[in-house]
Every structure is written in structure tokens, then in C-alpha cells.
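Please read the structure below before turning to the comments.
The values are calculated or read from the model by the stated rules, or taken from the named source; none is laboratory data. Computed from a prediction, not measured in an experiment: that's the story for all the values here. Every residue, glycine as well, gets a Cβ built from its backbone with ideal geometry; the counts of neighbours run over all protein chains shown. For accessibility, only protein heavy atoms count, side chains too; no ligands or nucleic acids. Shrake-Rupley method; radii C 1.70, N 1.55, O 1.52, S 1.80 Å.
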Amino acid sequence: MPVVQFAPFSSLVQPGFWHELTRLKIDVLRLSDESLTVNGSYSVGRSVRDRETGQDVALGCNLVLGAAAFEQPSQVPPMSVAIRGVFKNYNTIEEFKVADKASIFNEVTNDMWNSIVESKDASKLTQFLLLTFSDLKKYQYYYWFAFPAFVAKPAWEISTEGWKAADHELNASQLTSIFESLHAQTKPFFLVKLTGDAAKVHPMDEADVFFASDSPDSTIVGFLDPSASPDNPGWPLRNLLTYLQTLYPSKTTSVRILCWRDGELPVAGRAWKSRFGVVASGGDRQTVKPTAVGWERHPTTNKLTARMADLAPMMDPTRLADQAV
Amino acid sequence: MHTFQQQYWAIRDYISPVLKESKFKEHGRITPEEFVAAGDFLTYKFPVWQWEKGDASKARDYLPADKQYLVTRGVACLRRAQSLAYTDADEDAERLLSFGDPSSGLTDEWVETHAGRKDTADSAANPGEIDDIPDLDGDHDQLATAMGNVSLTSSAGATVGETPDIDDIPDMEEEGLEAGDDEATAGPPPKAGVLSSGGVIDASQVEAAKGNLLQVRTYDVMITYDKYYQTPRIWLNGYDENRNPLTPVQIFQDVSADHALKTVTIEAFPHSTTLQAASVHPCKHASVMKKVIERMNAGVEEQLAARKKDGSSKDSSSKKKWTFGRKGSKEDSSKDKSSANEEDEQPEAMRVDFYLVVFLKFIASIVPTIEVDSTTSF
């Protein structure tokens, strides 16, 4: 059976975030390089239909950071979820380079692991880490994201059927009721119980009761999937599976997974975008913290390096003056 | 379905008193109240649009504090408007027509105009711009390469020595994990035009289509209310396929050649203290909107005339032809109280809450490849 390959998050930082960071750095943080909490969000994986070729083009598995990232998490739109991140800004490029990234990364993964083992808290399963150095005079921002994910050994495998469209497994009325439930209250992870034509969405907290009583065929583990790639579920599933394997090892020999990707009800003639698959792991119960990966690779070189946002064209007053006609 | 209808009535109630004093049919201009009403309708009907409050110090007191401007994020832009303009062959002109909303004659007409104008793009009328772009593209490539190595060769000498080895940021213990990581991490998509099984191709995948590269950019689109011109005003903020912010020059590549650097410029975004964004200057919006509204109203009058001949019993059939009619709720209400609500059932002239829906169709002609108009299904 093929190994499940997860689509990693890709960071999308809105210019508003850099503006806000600039303001914060000058007026509030000054020389402090303490870690701060920031808030990002991701939404269901979107794809657009190319009108020329008729193909669907996936729009990436984006984690978005905007101008409001430093504020308390506000209302996020339906079908997207806010996630918390650790943010650290360095004062010099040297500090940025020599920073002990492994230990910062470990702090985050420890927090995630403890939330699984000690409090069975699924809300901390998706977190991120952002290190920056801002060259304010040049309007250049060096940054490196990490989206920590635990590595399963042996890896999760997808059944021979592979990932298939959700409407092959669930009927339209079941999908519609899942949609309505998620639209009213979007959850990053959820449990679905099927009874006949009905589908009921339960929060992850009820997993104890859920897994204790229900037959495996009527239960599905769902998550809001930021990926739109047909064969690659999004990154959040990775830690969710670790969570399940750690807490409910007897149930993870075969897990029915729903990758929820429908931001709106499909218009007539179009299929549901959500995917369904059965994944299995031959691994034993996890008792110690597994290794974790997740530093973002540079999009052009695909290497593990920091990247840079050059906002001079949009921020530098002299260059803006050149543009003005 | 009932709640749907209730919310719909609620919005109608909300805007109806404003409608009476409205001058938007005469001038194409709207009041702040009408902007809010139209925005409420847009956000309700198309949830990709949302109200934002913006920077508190920049809040406009004539708009509600939490409804300062509208925003939609991550709007896809599959191709460059330039690549449309430069394709000269006849069959390409045909193709351009299809960019409109086929259900609305108006949109087709705008797109025709765009197709007609494309000749000017590579004629002598526009030499400066064409010369400019390869230059700046070069810059961009250089930038991309520089970023790849993260060495700042293009910037001041002082940092050149310091930064080249940022590349050498220790890959940390991750190096050891690579083998395990590769197994379960979806790699970058294949660069060749290989289709994945579901018929969905990845945004970063470069695909040759008629020689045009498919480079998916995304845009954040904002609509503010311009007090002076009394019209909505549109703002664009773009990201390239690697999610780096676009430069002004790159943004202009997505603007039809007639508007780049003329009606579309980079300006300070009014609801932020520092942010700059590309904006379509609103000086012509009112007159264009007025024309559109007149044309739509003319269409409605025709329908009214036709309906008089048919007799009022054929209400619903005439309504179906009208793109901007209220569909579901309308038919329900005609069942309930067909005669009592007679005047409500008249096909009416364009109401102000459709203003932004129409406005987006107009904007779509200025930025033909940015799919701002998510309203085509409407």
C-alpha cells in the first residue's frame, strides 16, 4: 500500500503583516527579541477552473498571516481556522543565522506532544513557528516558517483504493449536513457519525466516547483540509494521526479519513471537492515523543533555507515616487 | 431554506428606506449607506467577500466602524493580461470573448471592447511600456535568483559580504530526518505538464498553453468607498506563484494594457497607515456605472412592456430571463401572496444592492485575468 504523502503548508505573508511588524519593531519591541504569539489561519483548499483548458488548478496549501496577526484572534470566516504560532524577531542577520533553531523547534513540538499526552487537547495540534530578521532600512524581511509535524514510523499507508472523491463514499445529503455543520461552526478536526442518510459532526473532545461505542464503519475522522491536491491530504492530518495513534492505538489499524475541502456547496454540475480515504498504520502505540519535521523549504530552490520578502517596490518612498505618473 | 429567505428579507428591509432617496440611477453614484447596503448584499450572497474594519485611526465616520471596506483574499490570476493582449491571431480574439459572462450580454460587450483594443498593445501607441517590461522582468529574474541563493548581490555593497552564506543556515538535525521526511511529505509537483489523477494541477506547476506560461498569482482585492467620487474604489495586492508580494510592475502585467499606469496606479491604501496598493482610479466609475444601470433598466422596461402584452399571470416566466432577478424567494412569495404583493412582483429596475455585483463585472474588464468576478453563477 502506498505511503500517505501530506502536502506541506506554504506560508503566505500579507504585506500588512510586514507593515505591522515594522511598526511594532520601532514603537513597541525595539531591541527585544522575546518570542511573541502570533495568529495565522488556513482555509479549505481551493482550486479554480482554468477557463481555457477546463482544468482545475489547485491554489496551494496556504497558511496566511495578515496585519491582524499580533492581535487577539478575531473572528475567522467560515471554513477557515485560526492557528497559533510562535514568533521571534532577531535584531541582526547574524543572530538570525546562528539562532538555535532546533531548540526553538523543540519547544513547540514539546508543547504539542504534551497537549496530546497530558490533556488530550486537539486544539494545539497545528502550530507554527516564524523567525524573522527585518532590514527596515531596505524594506527587506528575512523569514523562515516551520510547521512542526510528528513523523510516524512506520509511515501511514493509504488503502489500495487510494484517495477518492468524498461523494463516492458519502451521499449528497450526508455531505450537505456536514457542510452545514462546519459552516455554522468550523472546526479544524472533527468526528463524523453516520446513521443511515444522516451525518452528525462531533467535536474532537468526544473522541473517547466516540471510539468506545461506535462500530468503525459508521465513524469517520474529518479535518479541514488546506490542500487541494487530489492525492495529498494537507499537513494538519499528520499530527491528527499521531494524536489518534497515541491515544487510541487500537483504533488506528484502519482509520477512515475525510479531507474536507468544500468551502461552499457545489454548484449544479460540479462535484464535491472533499476527499475520502482509509489509512492504516502498522505502528505501535507512541509512548515517547516522535521526531518532528516541518521547516519550510525555499519555494524556488526547495532547500531548507530562509527566504526573503522584498517590499521595497511597495514601501520605499523613492521607488513609489518613480511609479507615480 | 426558510432562514435563507428570512435573512434575505432582512437585508431588503435594511436597504429599502435608503433606496427612496437614491440618486444612483441618475448619476451612477452611491451614498455611504448604499455602499454598506450593497456590501452587505455582496458579503451575504458571496461569502468570499468580507467586511473589514481597517486601521482604527483611519476609520471613516460615515461608515459603520466594522464595515469600513470589503475584502476578498486569494483571488486567482492564472495568466497575465499582457499575454492576452499580445496574442494577435484571429482565433485568439474569439477566445477573448469567452472571458465574459455568457449569461449577460453586457459583459460580452465589454470584453469585445477589450478584444478590439488589443491591437494597440503592440502598436506604436505603447512602445514605452513594452520596452519597460522586459527590462523589469529581467530585474525580477535577477531578484528571484538572488533570493534563491539568498545573496544580496543586487543591493548595497555593505551587506554583500555579510549575507551570502545565509544559505548556510544550519539545516539542523533535520538533515538526519530527511529520509523519513521525504517519504511522507508531498514533494514539489512535477514540472512537466503531467496531470495528477484528479485532473487538478498544482498552482506552482508551470504548464505551456499556447506558449503562455501558466503562472498562478493570487490577489487580495479590497473595495473602499471613495467619498469624493461617491463610488466604490478597488484596490489590489498581489502575490506571485511563490507567494512573494508582487512589485508594481508585476501588478501592471495583470491590468489590461489600456489601464496600466493610466487608470491603475499605486497609491496609499486609505484604511491603513502605511500600506500601498494598486488602485483603479474612480473618476470614470460613476459614468460607466450609470451607463450600465441605464442599459439594464432599459432591458427591464422592455420586459415590462412584454409582460403587459402577456398579462400579469406570466410573472415568473419573464423573471427567469432576467439575470438579476431574485430567484428562489421570489417564486415562493408568489405562491403565498401573489395578488397582495403585486407591486413587489414587478420586475424592477436595478436595485442599489446589486451595485457592487455589477461594479465587479466592470472591474473584471480592467483586470481581465484576475477573477474578481465570482458572481458569474449568480
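How many residues are among the hydrophobic types (A, V, I, L, M, F, W, C) and part of a helix (DSSP H, G or I) if we restrict to the stretch A:24-39?
The number of residues fulfilling the criteria is 4.
Filter the stretch B:231-271 down to the residues that are over 30 Å from B:K25 (Cβ atoms) and facing another protein chain (nearest Cβ under 7 Å) and list them by number.
The answer is B:N237, B:Y239, B:N242, B:R243, B:N244, B:P245, B:T247, B:P248, B:L261, B:I266.
Name every residue in the stretch A:42-66 that is of a type outside the set (K, R), within 13 Å of B:R73 (Cα to Cα) and open to solvent by 30 Å² or more (accessible area, probe 1.4 Å), in order of residue number.
Result: A:S43, A:N62, A:V64.
In the list B:G28, B:G54, which residue meets the criterion of being touching a residue at least 60 places away in the same chain (Cβ under 8 Å), surrounded by 16 or more Cβ atoms within 10 Å (Cβ to Cβ) and away from chain A (no Cβ under 14 Å)?
B:G28
Tell me which residues, restricted to the stretch A:294-324, are at the interface with another protein chain (Cβ under 7 Å from one of its Cβ atoms), under 20 Å from the mean Cα position of the chain (by Cα) and outside any loop (DSSP other than H, G, I, E, B).
A:W295, A:R307
Need the failing condition index for B:R12 against (1) farther than 30 Å from A:A69 by Cα; (2) at pLDDT below 85; (3) open to solvent by less than 30 Å² (accessible area, probe 1.4 Å), just the number.
Among (1) farther than 30 Å from A:A69 by Cα; (2) at pLDDT below 85; (3) open to solvent by less than 30 Å² (accessible area, probe 1.4 Å), B:R12 violates only (3).
So A:T37 fits all but one of (1) within 11 Å of another protein chain (Cβ to nearest Cβ); (2) open to solvent by 70 Å² or more (accessible area, probe 1.4 Å); (3) polar (S, T, N, Q); what number is the exception?
All conditions are met except number (1).
Could you check B:Y219 against (1) modelled with pLDDT of 80 or more; (2) open to solvent by 10 Å² or more (accessible area, probe 1.4 Å); (3) not in a helix (DSSP H, G or I) and say which number it fails?
Failed condition: (2).
Can you work out which of the residues in the stretch A:78-100 that are closer than 14 Å to A:E34 by Cα and not in a loop (DSSP other than H, G, I, E, B) is nearest to the chain's Cα centre (by Cα)?
Ranking the qualifying residues of the stretch A:78-100, first place goes to A:G85.
I'd like the full set of residues that are without any contact (Cβ under 8 Å) to a residue 12 or more places away in the chain and either over 21 Å from B:I251 (Cα atoms) or open to solvent by less than 70 Å² (accessible area, probe 1.4 Å) (or both), limited to the stretch A:301-323.
A:T301, A:N302, A:K303, A:L304, A:P313, A:L320, A:A321, A:Q323
Here are some conditions: (1) open to solvent by less than 10 Å² (accessible area, probe 1.4 Å); (2) modelled with pLDDT under 90; (3) closer than 19 Å to A:A280 by Cβ; (4) not acidic (D, E). A:T242 meets all but one. Which one does it not meet?
Tallying (1) open to solvent by less than 10 Å² (accessible area, probe 1.4 Å); (2) modelled with pLDDT under 90; (3) closer than 19 Å to A:A280 by Cβ; (4) not acidic (D, E), A:T242 fails exactly one: (2).
Looking at the stretch B:63-93, which of the residues that are modelled with pLDDT of 85 or more and in a loop (DSSP other than H, G, I, E, B) is most open to solvent (accessible area, probe 1.4 Å)?
Out of the qualifying residues, it is B:D66.
Among the residues of the stretch A:40-54, count how many are within 20 Å of the chain's Cα centre (by Cα), part of a loop (DSSP other than H, G, I, E, B) and either among the polar types (S, T, N, Q) or at the interface with chain B (Cβ under 10 Å from one of its Cβ atoms) (or both).
Residues that pass the stated criteria total 2.
Every residue, every condition in (1) open to solvent by 10 Å² or more (accessible area, probe 1.4 Å); (2) in contact with a helix residue (DSSP H, G or I) (Cβ under 7 Å, 6 or more places away or on another chain), yes or no:
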| residue | (1), (2) |
| --- | --- |
| A:A82 | yes, no |
| A:F96 | no, no |
| A:S103 | yes, no |
| A:E107 | yes, no |
| A:N110 | yes, no |
| A:W113 | yes, no |
| A:E118 | yes, no |
| A:D121 | yes, yes |
| A:L129 | no, yes |
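Can you name the residue in the stretch A:272-292 that is over 29 Å from A:D262 (Cβ atoms) and open to solvent by less than 30 Å² (accessible area, probe 1.4 Å) and is also modelled with the lowest pLDDT among such residues?
The extreme case among them is A:G283.
If you take the residues of the stretch A:1-21 that are assigned to a helix (DSSP H, G or I) and at the interface with another protein chain (Cβ under 7 Å from one of its Cβ atoms), which of them is nearest to B:T218 (Cα to Cα)?
A:P15
Which residue, of A:F133, A:F190, is among the aromatic types (F, W, Y), outside the structural domain of A:S43 (by TED's automatic domain parsing) and touching a residue at least 12 places away in the same chain (Cβ under 8 Å)?
Residue meeting the stated conditions: A:F190.
Out of the stretch A:214-236, which residues are under 25 Å from A:A198 (Cβ atoms) and assigned to a helix (DSSP H, G or I)?
Hits for the stretch A:214-236 are A:P216, A:D217, A:S218.
Test of understanding: among A:F147, A:F133, which residue is crowded, with 22+ Cβ neighbours inside 10 Å, more than 20 Å from the chain's Cα centre (by Cα) and modelled with pLDDT of 90 or more?
Exactly one of A:F147, A:F133 is crowded, with 22+ Cβ neighbours inside 10 Å, more than 20 Å from the chain's Cα centre (by Cα) and modelled with pLDDT of 90 or more, namely A:F133.
Does A:A271 satisfy being in contact (Cβ under 8 Å) with a residue 12 or more places away in the chain, within 12 Å of chain B (Cβ to nearest Cβ) and over 20 Å from the mean Cα position of the chain (by Cα)?
So A:A271 passes the test.
Looking at A:S181 and the list (1) open to solvent by less than 60 Å² (accessible area, probe 1.4 Å); (2) at pLDDT below 90, which single condition is not satisfied?
Status for A:S181: all satisfied but (2).
Which residue out of A:V64, A:V57 is within 9 Å of chain B (Cβ to nearest Cβ), more than 14 Å from the chain's Cα centre (by Cα) and hydrophobic (A, V, I, L, M, F, W, C)?
A:V57
Looking at the stretch A:66-77, can you tell me whether even one residue there is in a helix (DSSP H, G or I) and either of a type outside the set (A, V, I, L, M, F, W, C) or modelled with pLDDT of 90 or more (or both)?
No, because not a single residue in the stretch A:66-77 is in a helix (DSSP H, G or I) and either of a type outside the set (A, V, I, L, M, F, W, C) or modelled with pLDDT of 90 or more (or both).
I want to confirm something. Restricting to the stretch B:272-285 and keeping residues that are buried (at least 18 other Cβ atoms within 10 Å of the Cβ) and under 14 Å from B:I234 (Cα atoms), which single residue is nearest to the other protein chains (Cβ to nearest Cβ)?
Step by step, filter the stretch B:272-285, then rank; the result is B:Q276.
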